[in-house]
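So the structure is just underneath, and the comments pick up after that.
No lab work stands behind these numbers, since they all come straight from the coordinates. Values in this document were obtained by computation on a predicted structure and should not be read as measured data. Cβ coordinates were reconstructed from backbone atoms using ideal geometry, including for glycine residues, and neighbour counts include every protein chain displayed.
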Amino acid sequence: MSTQPDQTTNYAALVAEFARAGRAAQRVLARMDDAAKAAALCSAAAALRRHSGSIVEANARDVAAGTARGLSPAMLDRLRLDEERLEGIAAAVEAVAALSDPVGEHISHTTAPSGLDLVRVRIPIGLIGIIYESRPNVTADAAALCVRAGNAALLRGGSEAVNSNRAIHAALAEGLAEAGVPAEAVQLMPTQDRAAVGAMLRAAGLVDMIVPRGGKGLVERVQNDARVPVLAHLDGICHTYIHSAADRAMASEIALNAKMRRTGICGAMESLLLDADFATGGDVVGALLDAGCELRGDARAQALDERIRPASANDWDCEYLDAILSVAVVDGLDAALDHIARHSSGHTDAIVTGDEAVAERFLAEVDSAIVMVNASTQFADGGEFGLGAEIGIATGRLHARGPVALEGLTTYKWQVRGTGQTRP
């Protein structure tokens, strides 16, 4: 679609126009077999490489504008593309092409007492709206995952990467079209007006699902305003509980990695729970402090190291995304489970223990999308789970949970075959 919005644009009508074109393209895409979809994504990757110069040039304009606007060094780094990073984006599209196609999978197959043959088969969701910020690689990742699972995508990127997103989208659309996929299967909204986001969120019956990727403000708005089903997580308040039976060296190593490997990702540990009977809690907090992490703790945690600052009530519900960590000392497994139930965001929570029975109880009773034993929460990632790329991590209880990749971008229907049965 080439519609150019202006100040008088009716965004509801614009979204409806894009959505109808996307839904028509999705019906074509749904008829394509596994090999054809994979080939189309390989063609898209080739187009990204073919247009690498113009994409990098467009990105340079975004970086210059971001620098002038005072974006932080971390934001600029997430925004910046060069030939090496663009090659990584193209390779990621090819990696999605190499994944197994979930569409058509028989989830279950039974014969009813009536003799009816019942098959539950995996199918695409339809048209998926993706609203995201900053990272231009999301344009390619989201498009590739949607197309591989037979869905059309309606993309709305952030203003920081507007030129990069347009250049990447143009290359993707060209490559897909060369392989027989309608260009409208992946569309990019041609405006940065926030009113267009609102129109996407209200497009029930036209957009089948919304996936927000970005900061808390974006996700909160999407979840509050959407009339379309949303697949998202709001916060990554991830806990690591070090049980009394934890291996001392393992506990320190996991805690240090879970917090300090990358502090700004949603799987970073934000709260550390130390069992009162764990003998070397001081070594764990000392390693974190020595690594440059600010610790905010309760009175018993503060007693372990004088460098620990007092925690406020808000610290137990805070996603810092920085080298800051809340620390509490708890009286055993039940107290840890109670703390996690009150303060976890349902993203990822972990236990370090050598007691198998305790580990199994933790796995059973913690109601988060990802629950881990003796591992860093930083593994909360679709690539690490063998899913290829991910479109996001979902913390809700319906549909997909945890890293959402191809299977999470499908639903199912029942196919019923009879031999003339009528119901008595």
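Below are the figures for this structure:
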| read-out | value |
| --- | --- |
| Over the chain: helical MRE at 222 nm, DSSP H runs n ≥ 4 each giving -39500 (n - 2.57), nearest 500 | -13000 deg cm²/dmol |
| Rounded to 5, the percent of DSSP beta bridges in the chain classed as antiparallel | 30 |
| Efficiency of FRET between A249 and R423 - r from beta-carbon atoms, R0 56 angstrom, step 0.05 | 0.30 |
| D (Stokes-Einstein, µm²/s), Kirkwood Cα radius, the chain, 1.002 mPa s at 20 °C | 92 |
| Among E105, E133, E94, residue whose mean-square fluctuation peaks in a GNM of the chain (springs only between Cα atoms under 10 Å) | E105 |
| Shape of the range 10-108, Cα gyration tensor, a/c cut at 1.5 | oblate |
| D (Stokes-Einstein, µm²/s), Kirkwood Cα radius, the range 130-213, 0.692 mPa s at 37 °C | 254 |
| GNM top mover of D117, D277, D82 - the chain, alpha-carbon springs below 10 Å | D117 |
| Chain lengthening between Q192 and T280 when straightened (0.36 nm per residue, less Cα-Cα) | 26.4 nm |
| The range 309-334 and the range 160-209: distance between their alpha carbon centers, rounded to Å | 40 |
| Residue order, fewest to most surrounding Cβ atoms within 10 angstrom, among T110, T395 | T110, T395 |
| Dipole in debye (nearest 20) - the range 267-412, about Cα centre, beta carbon charges: Lys, Arg +1; Asp, Glu -1 | 320 |
| Nearby lysines by direct alpha-carbon distance to K216 (threshold 29 angstrom, same-chain neighbours under 8 apart not counted) | K259 |
| Range of Cα positions in the range 238-384 per principal axis (Å), largest first | 36, 31, 28 |
| Residues D305, D77, sorted so that the one with the fewest Cβ neighbours within 10 Å comes first | D77, D305 |
| Residue-span extension gain [Q415 to R309] - 0.36 nm each, minus C-alpha spacing | 32.1 nm |
| Over the range 159-268, equivalent-ellipsoid semi-axes from the Cα gyration tensor in Å | 38, 20, 14 |
| Stokes-Einstein D for the range 357-409, Kirkwood Rh over Cα pairs, 25 °C, 0.890 mPa s (µm²/s) | 206 |
| Computed Rg/Rh of the range 137-178, alpha carbon atoms with Kirkwood Rh | 0.96 |
| Expected-Rg normalisation [2.2 N^0.38 Å, Cα atoms] applied to the range 312-418 | 1.30 |
| Reciprocal mean inverse distance between Cα atoms of the range 179-223 - Kirkwood radius, Å | 12.3 |
| About the Cα centre, charge dipole magnitude for the chain (Lys/Arg +1, Asp/Glu -1 at Cβ), debye | 1920 |
| Rg/Rg_ref, the range 50-171, where Rg_ref = 2.2 N^0.38 Å and atoms are Cα | 1.43 |
| Low-density loop cleavage sites - trypsin sites (Lys or Arg not before Pro) in the range 244-282, where at most 11 other Cβ are within 10 Å (DSSP) | R262 |
| Ascending count of other beta-carbon atoms within 10 Å, so fewest first, for S368, S72 | S72, S368 |
| The chain: most fluctuating residue of D334, D317, D349 per GNM, C-alpha cutoff 10 Å | D334 |
| J(HN,Hα) series, the range 226-235, from Karplus relation 6.51 cos²θ - 1.76 cosθ + 1.60, nearest Hz, glycine and proline x | 5, 10, 10, x, 10, 10, 6, 10, 8, 10 |
